[in-house]
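The values are calculated or read from the model by the stated rules, or taken from the named source; none is laboratory data. Predicted model, so just to flag it, every value in this text is computed and none were measured. Using ideal geometry, Cβ is built from the backbone for each residue, glycine included, and neighbour counts are taken over all protein chains shown.
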Amino acid sequence: MTAARPDRPGDLGRPGRPNRAGAWRAAAVTVVAAVVLGAAFAVTGPFGAVVAADCLAALALLAALARTPRGARERGVLRPGRAWAWVTRRTPWGRAAPPGVRAADFPAYAKISSDLGWAPVSQWHFDHGIRPLLVRLLESALAERHRVDLAADPGRARRLVGEDVWPLVDPARPPSFDSRAPGADLRTVTRIVDRLEQL
């Protein structure tokens, strides 16, 4: 003897009977959603309707997740973190996307970014952080574009760089240990880099 099959997927508890409570619930949710969207559109226009639709979709997702049987959640079927990680690793063609770029993969970039952030704090931070890199860039630009050795001919290097920028990148100037004197702000560092690019 075979068990009676439900008429609809929502009628699992009542074989052979339509689930009227579920139908009324769906109709009520639909009416409430329509009212919320209409009110949002009337008050704030299309942008408000889009925001309201996003909020309703998020609520529907949370409700669906809450109604998921506990066993299915424990097996990891609907864990949002895993699902999002799987989706973001896939391309539309089904192949795994290459891993994302991390700052840890480029330690030199992280150090330069940190040195730029600390440069305005004090003269000590500028001289021991970003200034050695600027001096190396200056040395390279002068050697490649003007055949000037920075150590052997600092006078010519000074004329090429300019009197306003030279004190900031002069390799003969000893680094400061004064942590109270102001450092070089981002505008000053940008001016130095622009001058190096113009050499």
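Within the option set ALA64, ALA72, being at pLDDT 70 or above and either surrounded by 10 or more Cβ atoms within 10 Å (Cβ to Cβ) or part of a helix (DSSP H, G or I) (or both) holds for one residue only, ALA64.
Can you name the residue in segment 177-196 that is within 29 Å of the chain's Cα centre (by Cα) and free of Cβ contacts under 8 Å to residues at least 60 places away in the same chain and is also surrounded by the most Cβ atoms within 10 Å (Cβ to Cβ) among such residues? Here the residue is ILE192.
Among the conditions (1) in a helix (DSSP H, G or I); (2) surrounded by 12 or more Cβ atoms within 10 Å (Cβ to Cβ); (3) modelled with pLDDT under 80, the only one that VAL36 does not satisfy is (3).
Restricting segment 99-142 to residues that are hydrophobic (A, V, I, L, M, F, W, C) and exposed (fewer than 13 other Cβ atoms within 10 Å of the Cβ), the residue that is nearest to GLU197 (Cα to Cα) is ALA108.
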